[in-house]
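Notes follow once the structure below has been shown.
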Amino acid sequence: GIHGQKDMKVRFRDRSITHPKPGQRLELECETINTESGVFWVRQNKDGTLHFIVFISSLSRATFKGKKPSTHFEARKDHNIYHLVVKVFTTADEGNYFCLMNANQELYFSRGQPAFFPVTTTAAPTALAPITQSAGHNTSPGGPFLFISAEDIKKSELSLFCDVFIWIPLAGACLLLLIALAVTIVLCQPVSANVFKSI
């Protein structure tokens, strides 16, 4: 079975740390009342993927992934506390850290200890304050810029309204007059020719 273990606590060794910093040496510790079973250290990424880091036996022997010594992590046991050290904390180390224990053919796991860089918020750029409320150029030391007020926007919308509902029908009427004139010229040509012949 898989159980949460209330007697397993994971935390930063330095209690003043809330978020790790890039390049920081970060030490976590897993405290448990069971000292006869070893502990697994596991990291869960932001996408939920679990990554095995190390197994620390009850005799303080550390077995890392690939069964090779790690250049990025350190691990040891001190009484009832199992330590994990990230030598240089990077973006790839961000995640939730858990310790797991296999005791009596049952798997116990601690609560996760989040280890993420602090979220940085970028302030929105502040716009230069316009000198006047009408359209114009500001010749401030920061350089000229064009300011368009809400009144100017309304004027442009009214102008577009006039273009659509006045000029377009007027242009259509002119086109109809031209067509009527062309038809009149075509129809009057035979009459004019007959008048000249009779003369």
Kindly list the number of the only condition in (1) loosely packed, with under 13 Cβ neighbours inside 10 Å; (2) under 12 Å from TYR82 (Cβ atoms); (3) touching an Asp or Glu at 6+ places or on another chain (Cβ under 6 Å) that fails for SER58.
(1)
Can you say whether LEU84 is modelled with pLDDT under 95 and among the aliphatic types (A, V, I, L, M), as far as the supplied structure shows?
no
Which pairs do you get when a residue that is within 28 Å of PHE40 (Cβ to Cβ), found in region 105-124, comes within reach of a residue that is at pLDDT below 80 and open to solvent by less than 80 Å² (accessible area, probe 1.4 Å), reach meaning Cβ atoms under 7 angstrom, with the pair 6+ apart or on two chains?
GLU106/GLY1; GLU106/HIS3; TYR108/HIS3; TYR108/GLN5; PHE109/GLY4; PHE109/GLN5; SER110/GLN5
Having 3 or more residues that are aliphatic (A, V, I, L, M) is the bar; report the strands (runs of 3 or more DSSP E) wholly within region 1-99 that clear it.
50-56, 81-86
Against the definition (at pLDDT 90 or above and touching a Pro at 6+ places or on another chain (Cβ under 7 Å)), how does PHE147 come out, yes or no?
no
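The values are calculated or read from the model by the stated rules, or taken from the named source; none is laboratory data. Quick caveat, the model's predicted, so the values are computed rather than measured. When we count neighbours, we look across all protein chains shown, and the Cβ atoms used for this are built from the backbone with ideal geometry, even at glycine. When the accessible area is computed, the model is the full protein with side chains, heavy atoms only, and any ligands, DNA or RNA have been set aside. Shrake-Rupley method; radii C 1.70, N 1.55, O 1.52, S 1.80 Å.
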